[in-house]
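Here the structure is laid out as C-alpha cells; the discussion comes afterwards.
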Amino acid sequence: MTHLLFVFDLVLLATLLGLAVAALTSPDPRRAVMLFIAFGLWLALVWARLKAPDVALAEAAIGAGLGGALMLAAARRAARRGTDRLKGRKSGADQA
Amino acid sequence: MDSLALAIGVPLIAALAAAAFPARAQALGLAGALATTVASLQVTALVWQQGSLRSEPGGWGAPLGLALQADGLSAALIAMTALVALATAIYASGYFRPGNRPREFWPLWLLLWTALNGTFLAADLFNLYVNMELLGLAAAALGALGGQPAAVAASLRYLLIGLLGSMTYLLGVALVYTAYGTLDMDLVAAALRPGPVAGTAMVLMTGGLALKAALFPLHFWLPPAHANATAPVSAALSALVVKAAFYLVLRLWLDVFTPLVTPAAAHLIGLLGAAAVVWGSWRALRAERLKLLAAYSTVAQIGYLCLFFPLLQATPPGTAREDLLAALVLMALTHGFAKSGLFLAAGLVQQSAGHDRIKELGGTAQHLPATTFSIALAGTALIGLPPSGSFIGKWLLMTSAVQTGQWWWIAAVMTGTLLAAAYVFRVLGQAFNLEPTPRRFLTQGRTELPALLLALTSVAVLGLAARPLWQLLQPGGAA
Amino acid sequence: MSLDSLLPASILLSSLLPGAFIFLVPEENHLLRGVLNMSGALLKLLLVGVMIWGVFHGHVYETRLTLAPGLDLVLHADALSVLFVTLSSVLWLVTTIYAIGYLEHSPNRSRFFGFFSLCVSATVGIALAGNLLSFVIFYEILTLATYPLVAHRGTPEATRGARVYLAYTMAGGALLLVGAVWLRALTGPVDFVQGGMLTGLHLEHQGQLIAIFLLLIAGLGVKAALVPLHGWLPQSMVAPAPVSSLLHAVAVVKAGAFGIVRVVYDVYGVQLAASLGLLSVLGILASGTILYGSIKALSQDGLKKRLAYSTVSQVSYIALGASILGPVATIGGLVHLVHQGIMKITLFFCAGNYAETLGIHRVSEMNGVGRRMPWTTLAFSVGALGMIGIPPIAGFVSKWYLGLGAVAAEAHWVLLILAASSLLNAAYFLPILYRAWFCPTPETWPEEQIPPRRLETSGALLWPPLITAAFCLLAGLLAAAPFSPLEWAELIARREYGL
Amino acid sequence: MSRRASLAVSLLLGLLTLLLLWVFAQALAQQPGPRLAELAATELPRSAVSNPVTAVLLNYRAYDTLLELAVLLAALLGIWSLGAASPGYQPAGPALEVMADWVVPLLILTGGYLLWVGAHAPGGAFQAGALLGAAGVILRLAGHQRAGLPSESSQRLLAVSGTAVFAAVGLATLAFGAGFLTYPPDWAKWLILLIETAATLAIGTTLAAAYVGGQPPENPEGVRSR
Amino acid sequence: MTAQFLFGGAGLVLFALGIWSFLVHEPLLRKLIALNIMGSGVFHLLIATAERGDLPPDPVPHALVLTGIVVAVSATALALALGRRLEEEDPDG
C-alpha cells in the first residue's frame, strides 16, 4: 500500500516537473501560459495531497486562476502582435 | 503607545487615505509625511533613551508571533529615512506641475515609506520578505510614474530583478525554517550552527539581497532605473531603497550569521566593494547625463559601505569596532542625504533645461545658484571631502585599514575619491561660463530649499556634529 | 566655555559668516556686500590683534569640537599660527578693497566674494589648526573654495586652468590624507606640539615614519608648488588679479609652505626629522625649486607668468629655512613667510593695475609705463627690489637670516643657492624696472580703460599696492622693533627650540 | 544569450541543484522537532478560530497579512498609475453571456461560503476574494468593460478597504492598550471576521481591477471636485 | 522524512528550472512564468517540510505560502501592466 502511494507520489511529482519544463521551454506564449496554468492546477493537487487544502485552494484560484488569466491576456496580445508583424512583413515583401 | 507599530501604521493609514481620495492626495500625503516623520523620530528618540525597543504585534511573541525591533542601527536609518522622505515630499509637492501631477504618487510614496520603516524594524525573516516585496513593488511603480518608455522599461527590469532577489532570499528563509524551526532573527541566531545548511542559507539570502542592494557585479539594473525615474523617486530609490537592502545584509551578517562570517567571506564582500567603488566611479565619470552620473555614483557608494565588512570582521569587539560601525552608518547616512539632495537638484536642472546632458548644462547651472550650490555640497559629500560626514567615515575606514594591516583598501578608497572629484567637478565646471549673472540666489523655494537642506545636512551636520550618532549606536542607549 | 576658547572660532567665523551671507546678497546690492566684506575683515583684524597680545603673554586660546570620538577639530593659537593668521587677515583686508575696485563692473560678484571669504576662512583655519586632522580638513576646504575663484571668469582658459589646479590639489590632498591617516593609525591623535609630537619612542617605526613624511611633504608640496609639483601655478594665472594675489601671497601657496613648517617643527620635530635624514631631502627639493623657478621666470614675457614662476622660486625659501637645522635659519624661513607675502601681493596688485588701466599684460609692453603710472610703478619697484634682496627692503632680512643660519649649520652650499637665486632674481626683475622707468613711452597703450585724472588709476586699485609696498619697507626698516615680523619669528624659533 | 553561454548556465544550475538537494537533506536531518506546529496547535484555542492556517494568517502573524494586503494595493496603484485601461474584447457570443449569468452568482456565493467557512475549515479571505476576482474576469470576458466593478471612487474605497479595516483594527487595539493587532479575546472572532470580510471585498476588487488593467474612467463627482 | 525530501527536492528542482529559464529567455512573459515557477518551487519546499506524516501538518509554512502566492500574483500583475505600457509605446518592440 505504501509502495503504491510512493509510486503515486512519484507520478505526481514527475508530472509536475514535466509540466514545468514544458511551460518553461514552450516558445509559443499562449501555449506556455496554458501549460503554466496546468502546472499551477497540478501543483494545487500535489498540495492537497500534502494536506495543505487552504494553500491548494489559493494556488488554484489565485496562482493558476487569476495569475493565469492575467498572463493569458498578455499572451493573446503577444500572439496578435506576432501575427500582425508577420503580416506587415509579408505585405512589405509583396510591395517590394 | 507602541511607537514601533506607529512608525509603520501611520504611513500606511496615510497611504490608504491618499489612495482613497485622489482629489486630496497631495494634502493628505503631505500631512501623512509630517505625521510619519514625527512617528519615526519618536522611535529614534526612544532608542536614544532606552538603547533598544521591541514590540510584538498580535501579542504572541516569537517564535509563533512576529516581533518588531529597533536598535541604534535601525533608529539611525529610520531617522534618515524620515528626514529625507519629508524633504522629498515637500519637494514633490512643488515639483509636479498641476497639469501632469501623477495621481498615484502620494499613496505609493507613503507605501514605500511604510515598507522602509517596516524593513528597518522587522525582526522576523519572513516578515522581511513581505516588507521587501512591498518595497520593491512600490519602488517599481513609482519608478515608472513618469510613463516615459525608458523609465517604464527600467522599472520593469528592476521589478523582475527584485523578484529574482526576493525569491532567492525566500529560499534561504525556507532552508532556515526547515533546519531551525523558527523565523525570529534572534532565535535563529541563537540556534545557528555553522555548517553547510547555515552557509547555504547565508549565501542565498545575501545573494538575493545583494541583487537588491546593487552590490557589484549585480548592480547592472540600477543606473537605468534610478536615472530615468522622476526626480523625487530617484532620490528615494538611491538614497533609501538601496540602503534598506544593504541594511539587511549588514544586519544578517552582524546579528544572525555571526559565526559564519569568516575572513574569506568578509574579504569577498570587501573585494566586490572595491570593484564597485572603482567601476561605479569610472562609469559616473563617463556618464553623459547628470542623473545617470548620480546613479552610477550610488553603485560606488554602496561599494564603500562594503569595504567595512573585512575590517569589521578583523576588529575584535570593543571601542575600535564600535567606531568602525558608526563610521559605516555615518557614511550610509551621508550618502543618503547627499544623494537625495543631488537627485532633487538634478531634477530642477532637468526641468529648467529640458534635459540633463552634462555638457549642455552651463547656462542652467548658472541661472539656478541655489541648485548648483546643492549639487556642489552634495558632490563634496560624495567625494568625501571635509567637512562632510563621509570624510570622517573614510578617515576612520582608512585608519582601521592601516591598523588591521589591510592597507590595500586605502588604494580603492583613494582611487574612488579622485574619480569622484573628477566626475563631480565635471558637472560643477559647467556652472562657470559667460552667462549673464543671476539676479537672486533662490528662485523657487519649495523645491530648491529641500534639495539645499538635504545636501547641507550631509556636509555641515553630519560632518561636524556626528557625535550623537555614536551615542545612538551605543548598546545601552545614550541617556 | 570661556572667552579664551571662543576667540579662535570667532576669528574663523568673522569671515565665514559674512561669506555665507554674501552668497544670498542680490547681485545689484553693492552696498550690503561691501559692508559685509569690510566689517568682516575689520572685525577679524581686531580679534587677531587681541590674539597677538594674548599669545605674546602666554595665553592659550583653543577651540575644540569633537567630530567623532577621538577625532577633534582643534583651533589652537600658538606663536606660529598667529604669524600666519596676522598675515592673512591683514592682506585679506587690503585684497578685499582691491577686489571691490577691480571687479567693479564684472558679473557674478556675490559668488566671487562669497568664495573669497570662504577661502580666507579656510586659510585662517589652516593657520589655527591644532592637529593634523584639522589641518587636513581646512586644507581640503581651501581647495574647494579656491576652485570657483580660479574658474571665475568662465572663459575656456579659465575653466581649463581651474581643472588643472583641481587635479593637482586633489591629488596632493589625497597624498596628505593618506599620510595623515597612516600617522594617526600609528601614533594616535596627531596634535601639533612645539618641538614635535613624535618622540624617540616612535623610532621603532623608522621606515614608516620616513614614508609618511614623504607622503605629507608631497601632499603639501603641491600647494607649496615644489618642483615637480608646481605645474598648476602658472596655469591658474588666468584668474582675476585679486585671486592671483590671494593664491600666491596669502592663501594657497602659503598654506602649503606653512604646512611643511608645521610638519617639520611641530609633528616630527626638527631634531627627529634631521636624524631621519629627512631635512636634507627637503633641502634638496627646496633648492631645486628655487633655481628652477628663477630660471623659468627669465624667459616669460607674460608679466603674471613671470611673477608666478618667481613665486615658485621664492616660496621655497620657507621650506629651505625649515630644512636647515638651527634657530637662525628657522627665523629666516619663517620671516620669509610674511615678507614674501607682502612683496608678492604688491607685485600682483601692480600687475593687475597695469592690466586694468592700460591693458598691459606683457613685459614687452611696459616701456615707459613709469611715467604714465608712477605710483604703481614705484610700488612695483619696491616689491621687485625686495625680491632681489636689496636692503633695506623686507626680502633682504629673510635672505640675510637664511644665509647666517646656513653658515651656523655649516651648510655652505645654501649660500651658493642664495647667491645664484638673487642673481637670477635681479636678471628677471631689473629689465622690467629698466623698461618701466627708462624706455620711451609708446604713443598708445594696448587698451587704455581708465583715463588719467587726479590719480593715475582708480583709488581702490592704487591704494592697496601702496600700502603693501609701505609694509615691505617698514618690515625691513623696523625689523628690530617689537611685534615686527622678524621679532615674532624669533619668538617662534625660541619656543620651537625650547631656548 | 549565445548557445555556449546558455549551456554553461544550465551546467552551473545543474550543479547548484545538486548542491541544494544535498544541503536540503542536511537541513532535514537536523530536524528541530515539530518546528512551530505544536505551538500553533496548543495556542489554537486562544486564537478564536479553529482553522490553524487562518489562525496564523489573521492572528499569530496578522501583521504579515496586513503588509501583504498593502502589497496587493501597491500593485493596483502601480497599474492605475500607468494610464487608462485599454478597451476590452468584443462582446462575447450569447453562449458566454448566458454562462456568465450563471457562473458569476455561483462564484460570489461560493466566495461568501469560503469566507464564512474559513474560520474552521479550509478557506478564508484570500480564496474567497480570488473567487470574486474570478467573477470579475468572467464578466469582462463576457463583454463587461468594467468587469462588473463600480465607479472609480467606489473602486478605490473598496480596494483600500481591506488594508484600511485591518490597519484600523490594529491601531484601535493599540489605542485601547492591548498592543498593535492584539485582539481582545472576546472580540477576536468578530474582529477577524470583520477583517476577512473587508479583505475579501478588497482582494476581489483589486484582482478584477488588475485584470481590467488601467485607471478606471473618472466618475463625474471626481471631475467636479478637482 | 523521505517524502519530505522527495517533495522538497522537487521544489528545489523547480526553483533551479525557474532560474535557468529566467536567465536564458528574453520575452517578458517567459521571464514571468520562470519567476512564478521559481516561487512555486520555494513554496513547494515549504509545504513539503510542513507535512508530518500522520500528524496534522505545520500551519505556519502554509500561511507563509498563502502570503507568498498573493505577493507573487501582485508582482505578476504589475509587471504585466508595465509590459503592456511598453507595448503601447512601441508596438513593434
For this session: Mind grabbing the base-10 log of I(q)/I(0) for region C:33-72 at q = 0.19 Å⁻¹? Debye formula, identical points on the C-alpha positions, no solvent, two decimal places.
Result: -0.73
Seminar exercise, completed: Rounded to the nearest 10, the angle in degrees between the Cα long axis of helix B:149-180 and the longest principal axis of the Cα atoms of chain B comes to 10
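Provide E:Phe43, B:Phe309 in ascending order of the number of other Cβ atoms located within 10 Å of each residue's Cβ, fewest first. Display every interim value, and only then the final one.
Values: E:Phe43 29, B:Phe309 24.
The fewest-first ordering by Cβ neighbours comes to B:Phe309, E:Phe43.
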Problem set entry | Dipole magnitude of chain E about its Cα centre (Cβ charges: Lys, Arg +1; Asp, Glu -1), debye to nearest 20 | 220
Problem set entry | Proximal charge balance of C:Lys305 [Cβ under 12 Å; K/R count +1, D/E count -1] | +3
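Are there chymotrypsin sites (Phe, Trp or Tyr not before Pro) in region C:431-499 that DSSP puts in a loop and that have at most 16 other Cβ atoms within 10 Å, and which ones? Could you put the intermediate results ahead of the total?
Working: sites: C:Tyr434, C:Trp437, C:Phe438, C:Phe471, C:Phe483, C:Trp488, C:Tyr497; in loops: C:Phe483.
Sparse-neighbourhood loop chymotrypsin sites (Phe, Trp or Tyr not before Pro): C:Phe483.
For the protein assembly as shown, with only Lys/Arg (+1) and Asp/Glu (-1) charged at the beta-carbon, what is the dipole magnitude about the Cα centre, in debye rounded to 20?
Working: 78 positive and 65 negative charges, 547 e Å.
Dipole magnitude for the protein assembly as shown comes out near 2620 debye.
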Exercise. For region D:36-169, with the dipole built from +1 on Lys and Arg beta-carbon atoms and -1 on Asp and Glu ones, taken about the Cα centre, which of D:Ala135, D:Ser151, D:Leu77 lies farthest toward the positive end?
Worked result: D:Ser151
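Let me spell out the model: positive unit charges on the Cβ of Lys and Arg, negative unit charges on the Cβ of Asp and Glu, origin at the Cα centre of chain B. What dipole size does that give, in debye rounded to 20? Walk me through the numbers on the way to the answer.
Details: 24 positive and 16 negative charges, 238 e Å.
Around 1140 debye, computed over chain B.
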Seminar exercise, completed: Output field shielding_mean for B:189-196 (other chain Cβ, 10 Å radius) holds 2
Problem set entry | Cα centroid of region A:64-84 to Cα centroid of region B:381-407, whole Å | 53
Problem set entry | Distance cut-off 32 Å, percentage of C-alpha pairs in chain B lying past it | 34
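Mind running the shape call on region E:2-89? Use the C-alpha gyration tensor, a ≥ b ≥ c as the square roots of the eigenvalues: rounded below 1.5 for a/c, prolate if a/b tops b/c, oblate otherwise.
Since a/c reaches 1.5 but b/c is at least a/b, the shape of region E:2-89 is classed as oblate.
Using DSSP, restrict attention to beta bridges with both residues in the protein assembly as shown and report what percent are antiparallel, rounded to the nearest 5. Can you show the working numbers first?
Working: 17 of 18 bridges.
In the protein assembly as shown, DSSP labels about 95 percent of beta bridges as antiparallel.
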Seminar exercise, completed: In chain D, helical segments from DSSP H whose Cα atoms cover 15 Å or more along their own axis and that average at least 1.6 on the Kyte-Doolittle scale are D:3-29
Seminar exercise, completed: Using the Kirkwood radius over Cα pairs of region C:36-131, the Stokes-Einstein translational diffusion coefficient at 20 °C and 1.002 mPa s, in µm²/s and rounded to a whole number, is 147
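When a footprinting reagent is the concern and you count Cβ atoms within 10 Å, what order do E:Ser21, D:Ser86, B:Ser93, B:Ser390 take, fewest first?
Least to most surrounded, the residues fall as D:Ser86, B:Ser93, E:Ser21, B:Ser390.
Ignore the peptide's own chain and count Cβ atoms of other chains within 10 Å of each Cβ in B:161-172; give me the average, rounded. The partial results should precede the final answer.
Working: counts 1, 1, 13, 8, 0, 7, 15, 4, 1, 10, 11, 1.
Mean number of neighbouring Cβ atoms from other chains: 6.
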Exercise. If one takes the longest principal axis of the Cα atoms in chain B, at what angle in degrees, from 0 to 90 and to the nearest 10, does the Cα axis of helix B:105-121 lie?
Worked result: 30
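Fewest to most neighbouring Cβ within 10 Å: what's the order for C:Glu456, C:Glu157, C:Glu496, A:Glu59?
Details: C:Glu456 19, C:Glu157 12, C:Glu496 23, A:Glu59 31.
The order, fewest Cβ neighbours first, is C:Glu157, C:Glu456, C:Glu496, A:Glu59.
Give me the inter-chain shielding for B:407-414: mean count of other chain Cβ atoms within 10 Å, whole number please.
For peptide B:407-414, the averaged partner shielding equals 2.
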Problem set entry | Environment charge of B:Gly165, counting only residues whose C-beta is closer than 12 Å and scoring Lys/Arg +1, Asp/Glu -1 | 0
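How high is the relative contact order of chain E, in percent, with contacts defined as C-alpha pairs under 8 Å that are six or more residues apart?
Numbers: 83 pairs, mean separation 24.5, N = 93.
Reported relative contact order: 26 percent.
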For this session: Report the net charge of residues surrounding E:Gly39, where surrounding means a beta-carbon distance below 13 angstrom and charges are Lys +1, Arg +1, Asp -1, Glu -1.
Result: -1
For this session: Pick out, from B:Phe432, B:Gln471, B:Gly318, the residue whose Cα sits farthest towards the positive end of the charge dipole of region B:267-479, with +1 on the Cβ of Lys and Arg and -1 on the Cβ of Asp and Glu.
Result: B:Phe432
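Answer rounded, prolate or oblate for the protein assembly as shown, using the Cα gyration tensor with square roots of eigenvalues a ≥ b ≥ c: rounded when a/c is under 1.5, else prolate when a/b is larger than b/c, else oblate. Present the calculation step by step, with values, prior to reporting the outcome.
Details: a/c = 2.64, a/b = 2.13, b/c = 1.24.
In terms of gyration-tensor shape, prolate.
Quick check: from the Cα gyration tensor, does region C:390-490 come out rounded (a/c under 1.5), prolate or oblate?
Working: a/c = 4.12, a/b = 1.68, b/c = 2.45.
Cα axes put region C:390-490 in the oblate bin.
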Exercise. Cα centroid distance between region C:13-84 and region B:441-474, in Å?
Worked result: 23
Problem set entry | 0 to 90° range, to nearest 10: angle between helix C:252-262 axis and chain C longest Cα axis | 20
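Computed from the coordinates by the stated procedures, all read-outs in this text should not be read as laboratory data. Given the structure is predicted, the values throughout are model-derived calculations rather than measurements. So basically every Cβ, Gly included, is an ideal-geometry build from the backbone, and we count neighbours across all protein chains shown.
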